[in-house]
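Asker: One structure follows; several queries about it will come next.
The values are calculated or read from the model by the stated rules, or taken from the named source; none is laboratory data. Just so it is clear, the model here is predicted, and its values are computed rather than measured. So basically every Cβ, Gly included, is an ideal-geometry build from the backbone, and we count neighbours across all protein chains shown.
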Amino acid sequence: MIREVNIIGCGMTKFGNRSNEGLIDLLKEASINAIKDAGINHQLIQAVYVSSMLSGELTNQTAIASALCDELCLVPAAADRIENGPASGGSAIKNAFLAIASGVYDAILVVGGEKMRNSPGDKITDLLATMTHPTAEYIHGVTMPSLAAMFTRLYMTKYGVERKHLAMVAVKNHENALKNPYAHLQRRVTLEGIFFSREAEVNNPLIAEPLRLYDMCPISDGAASILVCSNKIANKLLDSPVKIAGFGQATDIQAVSQRSDPTELKAVRLSADQAFKMAKMKREDIDVVELHDAFTILEIAESENAGFFKRGTGHIALEEGITALDGKLPINPSGGLKARGHPVGATGVAQVVELAWQLKEEAGERQVQGAQKAYCCNFGGFGNNVVSFVLRRDQ
C-alpha cells in the first residue's frame, strides 16, 4: 500500500523578465518561499528535485540541483535535475511523489525554473523545436508555433472552432492574470482589441496562420517550488494538508502527422484517466483546473481530451462562461501559460502551486470559492509526453 503524499509548502517568483538574476537565484527564491511556507526544519529535507529543460543551453549551467542544494544549505541531501521538455516540472513532482509514496524519503523539495529572456528569440524557438521528430519534422523547419498552427486549423475544420474562440481564451486568461501578482503579462485584453476592431490586426499580428500574437504564451523567466512530505511530517504541521491524490503519465507518437488522428491528444486522455483512477474520483468532482495553454487552442483541446467536455464542445463551454473564474469549472485562474508565463521547466510546478493555493483558499482575488479538488495537465513536446495530477484537500 502506497503512502499518502502531502504538499505542505508552496513558493514562486514573479514570472517575467528577471534579467538581473541568475537561474540559481530564481530557484533559490522560490525554494526559500516554499520552505518558509511549510514551516519545516530544513534539515528534514532529504532530497531536492530540480526541473529545468534548458539550463545548460541557455545559462551555461549544469548540475544545477547539486548547486542549489549547496546554496540552500541542504547538503548532504540527494539532488537530481529532471528534464522532460515543458513537462519537466510534472515529471519532477511525479518522481517526488513516488519517492514519498514508496517510503524512501519523508520530505522532498521540488523546484522548477528557467531563465529564457536573456537569449535571442530565434535561439529559443530552435531549442524548443528540437523536441520535434528529427527527420519527419525538425529537418523541414517545423517549430512549435507551426505545429500548433496546423493543429489549430485541423481543429477549426473538424469541430467548428472559430478565431473568436481563440481570442476568448486569451481575454479570459489575461483577465485572470490581472488578479495574480506572480503573472508575467498583467494587462487587460479585450475582444475588440484583438479580434473585432479594425486595429486588431495591428494589435494582434499574424504569427503562424491562423495563430496570432495573443494566441501564444510569452517567453518568461521564473521559478516555482513545492515541499512534499509523508503523513509522518505533515500531520505535525497541518490539520488539513493538500494531498496529491493521483497522477498519470503517457506518451504519444512523436511526429504529429504519423498519429492516426492528429487532432486527438491521446497522451492527455490517458494520463488524465490514470490520475483519476488513482485518485478514485470522477471529472464531475473537480472544482478548478490548470491546463497547459502554450497556445490558446490547447486550452480548448485539452479540456476535451482530459474528459471535462465532449470532443468538439470545449469552445461552446468557453462561450457559455463555464470555464470563467466564476463559472462551473474555472480553467486557468492563474492566467495560464498564456498570461502567467511559461518558463518551461517551472510550468508544471507552477500549475500545482496555483492549485494548492486554491485548495488552501490562499489565491486572493482569483480564489475559486469552495474549491476542494483540482486537476492539472503538464504538456510535453506537442502532446507526446503528458503528466496529469489530481489534488484534494479534505475539509
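Asker: Considering D326, D394, which residue is surrounded by fewer than 19 Cβ atoms within 10 Å (Cβ to Cβ) and either aliphatic (A, V, I, L, M) or without any contact (Cβ under 8 Å) to a residue 40 or more places away in the chain (or both)?
Answerer: D326
Asker: Quick one: which helices (runs of 4 or more DSSP H) sit completely within the stretch 32-101 and have at least 2 residues that are on the phi > 0 side of the Ramachandran plot? Even if it seems obvious, please write down each step before you answer.
Answerer: Details: elements: 55-59, 64-71, 88-101.
Per the criteria, no element qualifies.
Asker: Restricting to the stretch 135-144, give me the number of residues that are assigned to a helix (DSSP H, G or I) and surrounded by fewer than 18 Cβ atoms within 10 Å (Cβ to Cβ).
Answerer: 3
Asker: If we keep just the residues of the stretch 256-268 that are crowded, with 16+ Cβ neighbours inside 10 Å and part of a loop (DSSP other than H, G, I, E, B), which is nearest to the chain's Cα centre (by Cα)?
Answerer: Among them, the one singled out is L265.
Asker: Let me ask you something else. Here is a list of conditions, (1) among the β-branched types (V, I, T); (2) part of a loop (DSSP other than H, G, I, E, B); (3) closer than 19 Å to K164 by Cβ, and I316 meets all of them except one; can you say which number that is?
Answerer: (2)
Asker: Looking at F247 and the list (1) assigned to a strand (DSSP E or B); (2) surrounded by fewer than 22 Cβ atoms within 10 Å (Cβ to Cβ), which single condition is not satisfied?
Answerer: Only one criterion is unmet by F247, namely (2).
Asker: Considering only the stretch 269-297, how many residues are in a helix (DSSP H, G or I) and farther than 16 Å from D252 by Cβ?
Answerer: Summing the residues that are in a helix (DSSP H, G or I) and farther than 16 Å from D252 by Cβ in the stretch 269-297 gives 10.
Asker: For the condition small (G, A, S) and farther than 30 Å from Y105 by Cβ, what is the one hit in A149, A223?
Answerer: The match here is A149.
Okay, residues lined up against (1) closer than 19 Å to C217 by Cα; (2) within 11 Å of the chain's Cα centre (by Cα):
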site: E302; (1), (2): yes, no
site: G314; (1), (2): no, no
site: T347; (1), (2): yes, yes
site: L359; (1), (2): no, no
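Asker: If the requirement is being surrounded by 22 or more Cβ atoms within 10 Å (Cβ to Cβ) and in contact with a helix residue (DSSP H, G or I) (Cβ under 7 Å, 6 or more places away or on another chain), which of these qualifies: L227, L191? Please lay out each step first, then the result.
Answerer: Numbers: L191 fails: surrounded by 22 or more Cβ atoms within 10 Å (Cβ to Cβ).
That would be L227, the only listed residue that is surrounded by 22 or more Cβ atoms within 10 Å (Cβ to Cβ) and in contact with a helix residue (DSSP H, G or I) (Cβ under 7 Å, 6 or more places away or on another chain).
Asker: Okay, moving on. I'm trying to understand the selection: among the residues of the stretch 1-50, which are over 20 Å from C73 (Cα atoms), in contact with a Gly (Cβ under 9 Å, 6 or more places away or on another chain) and either modelled with pLDDT under 95 or among the small types (G, A, S) (or both)?
Answerer: The answer is I2, G16.
Asker: Got at least one residue in the stretch 152-165 being in contact (Cβ under 8 Å) with a residue 12 or more places away in the chain, assigned to a loop (DSSP other than H, G, I, E, B) and within 22 Å of the chain's Cα centre (by Cα)?
Answerer: No, the stretch 152-165 has no match at all.
Asker: Sticking with this structure for a sec: List the residue pairs whose Cβ atoms are under 7 Å apart, where the first residue sits in the stretch 256-272 and is over 9 Å from A306 (Cα atoms), the second is of a type in the set (K, R) and surrounded by fewer than 21 Cβ atoms within 10 Å (Cβ to Cβ), and the two are 6 or more positions apart or on different chains.
Answerer: T263/K158
Asker: Among the residues of the stretch 373-389, is there at least one that is within 16 Å of L329 (Cβ to Cβ), in contact (Cβ under 8 Å) with a residue 40 or more places away in the chain, surrounded by fewer than 23 Cβ atoms within 10 Å (Cβ to Cβ) and not aliphatic (A, V, I, L, M)?
Answerer: Yes; the residues of the stretch 373-389 include at least one that is within 16 Å of L329 (Cβ to Cβ), in contact (Cβ under 8 Å) with a residue 40 or more places away in the chain, surrounded by fewer than 23 Cβ atoms within 10 Å (Cβ to Cβ) and not aliphatic (A, V, I, L, M).
Asker: May I pose another question? Which residues, counting only those in the stretch 336-365, are closer than 15 Å to G11 by Cα and either assigned to a strand (DSSP E or B) or among the aromatic types (F, W, Y) (or both)?
Answerer: Scanning the stretch 336-365 gives a single hit, W357.
Asker: Let me ask another. Being in contact with a Pro (Cβ under 9 Å, 6 or more places away or on another chain) and either surrounded by 21 or more Cβ atoms within 10 Å (Cβ to Cβ) or of a type in the set (D, E) (or both) narrows it down to one residue among I7, I93; which is it? Steps first, answer last, please.
Answerer: Working: I93 fails: in contact with a Pro (Cβ under 9 Å, 6 or more places away or on another chain).
The unique qualifying residue is I7.
Asker: Within the stretch 183-192, is there a residue that is in a helix (DSSP H, G or I) and not β-branched (V, I, T)?
Answerer: Yes.
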